[in-house]
Structures are given as structure tokens and as C-alpha cells.
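Input: a single structure, listed below in C-alpha cells.
The values are calculated or read from the model by the stated rules, or taken from the named source; none is laboratory data. Small disclaimer: the values here were computed from a predicted structure and weren't measured. All Cβ positions, even for glycine, are placed from backbone atoms using ideal geometry, and neighbour counts span all protein chains on display.
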Ligand code: NAP
């Protein structure tokens, strides 16, 4: 179901969240914050690709660099039919806040090609990727703008990104030009699990600070997850490892429910065999809309944007929501859940684990080192837990100070406040050019 609020421009949504955060801040230098509202640049490319049947199709791609205040741009590449320049700009903006909050030395960037990856062959995807990277030219680079995987792109895509860039820039160490690569090609151990794993680290720390009906840990909690991709599947598996009962999960074809808890290994096998999660023996088939309104402790939307909106937010029965995906809640849904006392761990915090381990991959590529999976994930856990405690602490301080009784500050506002303050401080330390 779509409602008017799901049609809000994603960039406008980010700008509204930003304005809400600065409303609670008060001491920022005039003019500096305007600099953060719009991206530095957006490149739009249009290119032909020869398809397997010999025909030629034209594709549209984008790459936005939002900010380089904290370092080179960093952000994924997504392949989805609905990719637009506005969506990419909004996602690049989010990356700036995310990197600032989680303290990695990157700015925000994002890219995408409007295409239906599932309807394309491997050869077609390879040719699209190579041509897209060639069109971006020197607008990406190990010290300027560093892509990574996102929706419907993966390690293989990143290997093609590297190979194409390397062909165009021979004789240099180009491994750090892209992260999320296969392990044999300088990828970091644990990168593919990092976002889902990090989301659950943040949740675990949040529960220690704000127990849920007496639960200080995930043990015994019931969890519903929308999405069975790199984020949703790993988040579900991590919850189960920590003793939670994952009662429902879904993909683009629909979902499954088992009140006593799903056997996630069986779900994985079924998905590998049939390409979808529904139909697994011993489970009830549900649709995605039902999954979002199940009675459960934790709801993790980890698929697409705008899944919880004005039309269904009042029906959400979870006790805490963790934004595994980017922008799975519309601003109206955010407000409704806040009024209903349902905390939301915002995307800027909850799904930042991917960029953290991407940063570790970049460092390892620059230094020609290889850290173990345990090392990468232990460092990630510590960083996610610190960031979560920082956001919760900041929210509590803002709550104590806030004058806006209409809309008290929430975790998203607190996370943004930390990020914006850091960016403002560094902008002024560097000095406005010239
Ligand atoms: P992914 O591996 O491509 O998986 C996406 C999952 O979402 C798939 O299971 C897909 O179903 C499902 N899906 C697609 N459309 C759906 C719909 N209409 N209803 C329910 N499920 C649907 O992508 P991902 O890497 O997990 O990313 C998921 C989200 O997290 C995106 O918003 C992405 O921007 C965000 N994110 C990802 C990372 C990262 O490191 N991967 C980092 C930060 C944020 P099928 O399996 O049927 O296709």
C-alpha cells in the first residue's frame, strides 16, 4: 500500500530531519549548515550496453558526492529500476551523517544505475558495471570517492568496478578504490556480514541501556525481519545467535511466520533452492504488510525505503524498530511511532556497520594488510556500542533541555546532532576556502 507520505522526495525527507536536528542545537555558525543541505555535485551518465540478444539498450546512472569535509566520498552503488538522481542525492547525504556519527574519515557519496538486476544476465551486469565505471572516470578514486555494494550489487560487482578502474589507471595500488570486494581481491573478512551484524550490536547495547519489558539482552525476544538479503538475513542470524526467536522473515515475493521461531538454516536452503522464502514446510505464508504489523519485540525493516508509513504505522506492534534498510520509515511514520512510545534505532546509526568495515578494508588495502574476521567484527562491535551509547546519552541530554514540547527529540535527532556538530566543527577548523 502506498500513501501520500511515501511519495515525499527522499532528499526533502533528509533535509527535514536535518532541520529538526538543528532546531535542537542552537549554537551553529550561520551559513555553515546551509553548506550541508545540498550535495557538492551529482554526475548523471547515460550509456549504451549491448545485450545478450544483440540488441542495444541505454542505461542511466548517477553518482553524487555530498561532502568531503571529513575525507573522500564513501557510499554504495545500487542497481534498481527506481534509482533516480534525487534518491542517490538523499542516500549520499545520509552517508555524510553516518560517517560523521560513526567517526570514519569519509564524506558521503552514493551511486546507482536504473536497471532491474534480476532480469539481467551476468554478462549484461558486467558490461553495465564496466561502462558505468568508465563513464564516472576520475570522479571516483582511492582518495576521492570510494564505492561499495548496495541494493542488488555485491562482491562480484565490486570486483568488476576494481578491474575496470585498474585497467584505466595501471601501475598504481588501486585496491582501495572500492570496498566490499571478494576476499581474494583485498576484501575484508566480515564485510558482507558487517551491516546486519552491526545493527544487532547497536540493538544489544540499546537494550542494555533501555531494557525491553525486563529484557536486558536479546535472549528470549521475538524478532520479525523484512528482507532476506545481506542485511536482513545476517541480522536475523545474529539475533538467533544471541538467543532471540526470529518469528518472521520476508523477501520481495512475501514472507513466512513460525511463532516458535524459524529454522534459519532451513530458510536459507529453501531460498537458495526456490529463490524465495515462502513455501518452506512448517511455516505460514504471510505478506510483507502483515510482517510489519506482527506482535513482536523487535521489528527490523531491512529491504526498501518507505515501508512503514502513515497508512500502517499505527498498526505496528513491535516494541522497538531497528532501521536495517535506509529510510524504511517515512517522516510521518517516525512521528506516529514516537507518539506511540516505540523507539526507532535510526538508519544513520543502525546500518552504519557496513561503512565501518569498508573503512577497515580501505585501511588494509592501503597498508597491504589483512585482519581476521574476528578482529574486524570485534572492532566493529566496540564502535557500534560506543556510538549507540553516545546517541542514547545525547538524546537524554536533549530531552532534559528541550523546549519543543510538541515533538521531543528522538534517537534520530540525537544521532544527527552529533554528526552535524562534528561536521561543523571540522569545517571551521579547516577554514572556509579561500
Ligand atoms: P540485498 O542483499 O539486495 O537484499 C535486499 C532484500 O530485500 C532481498 O531479500 C529482497 O528480496 C528484499 N526485497 C526487495 N524488495 C522487497 C519488497 N518489496 N518487500 C520485501 N522485501 C523486499 O540488499 P541489502 O544489501 O540487504 O540492503 C537492504 C537495505 O539495506 C537497502 O535499503 C540498503 O540500502 C540498506 N543498506 C545496505 C548496506 C549493506 O552493506 N549491504 C549498508 C547500509 C544500508 P529478494 O531476495 O526476493 O530479491
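Hey, among the residues in region 135-169 that are in a loop (DSSP other than H, G, I, E, B), touching a strand residue (DSSP E or B) at 6+ places or on another chain (Cβ under 8 Å) and closer than 22 Å to residue 196 by Cα, which one's farthest from the ligand (Cβ to nearest atom)?
Filtering region 135-169 for residues that are in a loop (DSSP other than H, G, I, E, B), touching a strand residue (DSSP E or B) at 6+ places or on another chain (Cβ under 8 Å) and closer than 22 Å to residue 196 by Cα, the one farthest from the ligand (Cβ to nearest atom) comes out as 153.
Which of the residues spanning region 283-303 are more than 16 Å from the ligand (Cβ to nearest atom) and either under 18 Å from residue 346 (Cα atoms) or surrounded by fewer than 18 Cβ atoms within 10 Å (Cβ to Cβ) (or both)?
284, 295, 297, 298
Conditions tested, residue by residue: (1) free of Cβ contacts under 8 Å to residues at least 12 places away in the same chain; (2) part of a loop (DSSP other than H, G, I, E, B); (3) crowded, with 18+ Cβ neighbours inside 10 Å.
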{"site": "305", "(1), (2), (3)": "no, yes, yes"}
{"site": "311", "(1), (2), (3)": "no, yes, no"}
{"site": "317", "(1), (2), (3)": "no, yes, no"}
{"site": "321", "(1), (2), (3)": "no, no, yes"}
{"site": "324", "(1), (2), (3)": "no, yes, yes"}
{"site": "338", "(1), (2), (3)": "no, no, yes"}
{"site": "348", "(1), (2), (3)": "no, no, yes"}
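For residue 430, all conditions in the list (1) assigned by TED's automatic domain parsing to the domain that holds residue 307; (2) touching a residue at least 40 places away in the same chain (Cβ under 8 Å); (3) exposed (fewer than 15 other Cβ atoms within 10 Å of the Cβ) hold save one; what is the number of the exception?
Here residue 430 meets the rest and fails (1).
Being assigned to a strand (DSSP E or B), in contact (Cβ under 8 Å) with a residue 12 or more places away in the chain and within 27 Å of residue 349 (Cβ to Cβ), is that true of even one residue in region 257-269?
Among the residues of region 257-269, not one is assigned to a strand (DSSP E or B), in contact (Cβ under 8 Å) with a residue 12 or more places away in the chain and within 27 Å of residue 349 (Cβ to Cβ), which makes the answer no.
Does region 255-269 contain at least one residue that is buried (at least 18 other Cβ atoms within 10 Å of the Cβ), closer than 24 Å to residue 6 by Cβ and within 13 Å of the ligand (Cβ to nearest atom)?
Checking region 255-269: at least one residue is buried (at least 18 other Cβ atoms within 10 Å of the Cβ), closer than 24 Å to residue 6 by Cβ and within 13 Å of the ligand (Cβ to nearest atom).
Hey, can you tell me all the residues within region 228-244 that are out of contact with any helix residue (DSSP H, G or I) (no Cβ under 8 Å at 6 or more places or on another chain) and under 10 Å from residue 303 (Cα atoms)?
229
Based on this model, can you work out whether residue 251 counts as within 14 Å of the ligand (Cβ to nearest atom), more than 24 Å from the chain's Cα centre (by Cα), crowded, with 17+ Cβ neighbours inside 10 Å and not assigned by TED's automatic domain parsing to the domain that holds residue 87?
No.
Within the bounds of region 360-375, is there any residue that is in contact with a strand residue (DSSP E or B) (Cβ under 9 Å, 6 or more places away or on another chain) and under 20 Å from residue 295 (Cβ atoms)? Before the answer, list the steps.
Pass one, region 360-375, residues in contact with a strand residue (DSSP E or B) (Cβ under 9 Å, 6 or more places away or on another chain): 361-362.
Among the residues that remain, those that are also under 20 Å from residue 295 (Cβ atoms) are: none.
No: region 360-375 contains no residue that is in contact with a strand residue (DSSP E or B) (Cβ under 9 Å, 6 or more places away or on another chain) and under 20 Å from residue 295 (Cβ atoms).
Please work out which residue is farthest from the ligand (Cβ to nearest atom), limiting yourself to region 307-328 and to residues that are at pLDDT 95 or above and out of contact with any strand residue (DSSP E or B) (no Cβ under 8 Å at 6 or more places or on another chain).
Filtering region 307-328 down to residues at pLDDT 95 or above leaves 307-325, 328.
Cutting the leftovers down to out of contact with any strand residue (DSSP E or B) (no Cβ under 8 Å at 6 or more places or on another chain) gives us 310-312, 314-315, 317.
On the way: 310: 18, 311: 15, 312: 13, 314: 20, 315: 17, 317: 18 Å.
The extreme case among them is 314.
Considering only region 184-222, how many residues are within 16 Å of the ligand (Cβ to nearest atom) and outside any loop (DSSP other than H, G, I, E, B)?
Of the residues in that region, 13 qualify.
Need the failing condition index for residue 331 against (1) modelled with pLDDT of 95 or more; (2) more than 12 Å from the ligand (Cβ to nearest atom), just the number.
(1)
May I ask you to verify whether residue 387 is within 16 Å of the ligand (Cβ to nearest atom), crowded, with 23+ Cβ neighbours inside 10 Å and outside the structural domain of residue 200 (by TED's automatic domain parsing)? Break it down stepwise before answering.
Details: within 16 Å of the ligand (Cβ to nearest atom): yes; crowded, with 23+ Cβ neighbours inside 10 Å: yes; outside the structural domain of residue 200 (by TED's automatic domain parsing): yes.
Against the criterion (within 16 Å of the ligand (Cβ to nearest atom), crowded, with 23+ Cβ neighbours inside 10 Å and outside the structural domain of residue 200 (by TED's automatic domain parsing)), residue 387 qualifies.
Could you tell me which numbered condition residue 91 fails, if it satisfies all but one of (1) outside any loop (DSSP other than H, G, I, E, B); (2) farther than 30 Å from residue 353 by Cβ?
(2)
Taking residue 277 as the residue in question, decide whether it is free of Cβ contacts under 8 Å to residues at least 60 places away in the same chain and within 16 Å of residue 303 (Cα to Cα). Walk me through it before giving the result.
Values: free of Cβ contacts under 8 Å to residues at least 60 places away in the same chain: yes; within 16 Å of residue 303 (Cα to Cα): yes.
Spelling it out, residue 277 is indeed free of Cβ contacts under 8 Å to residues at least 60 places away in the same chain and within 16 Å of residue 303 (Cα to Cα).
Got a sec? Which of 120, 203, 151 is at pLDDT below 95 and crowded, with 19+ Cβ neighbours inside 10 Å?
Working: 120 fails: at pLDDT below 95; 203 fails: at pLDDT below 95.
That would be 151, the only listed residue that is at pLDDT below 95 and crowded, with 19+ Cβ neighbours inside 10 Å.
Only one residue in 412, 394 is buried (at least 19 other Cβ atoms within 10 Å of the Cβ) and within 16 Å of the ligand (Cβ to nearest atom). Which one?
Exactly one of 412, 394 is buried (at least 19 other Cβ atoms within 10 Å of the Cβ) and within 16 Å of the ligand (Cβ to nearest atom), namely 412.
Checking the condition outside any helix (DSSP H, G or I), at pLDDT 95 or above and more than 19 Å from the chain's Cα centre (by Cα), which residue from 299, 280 passes?
280
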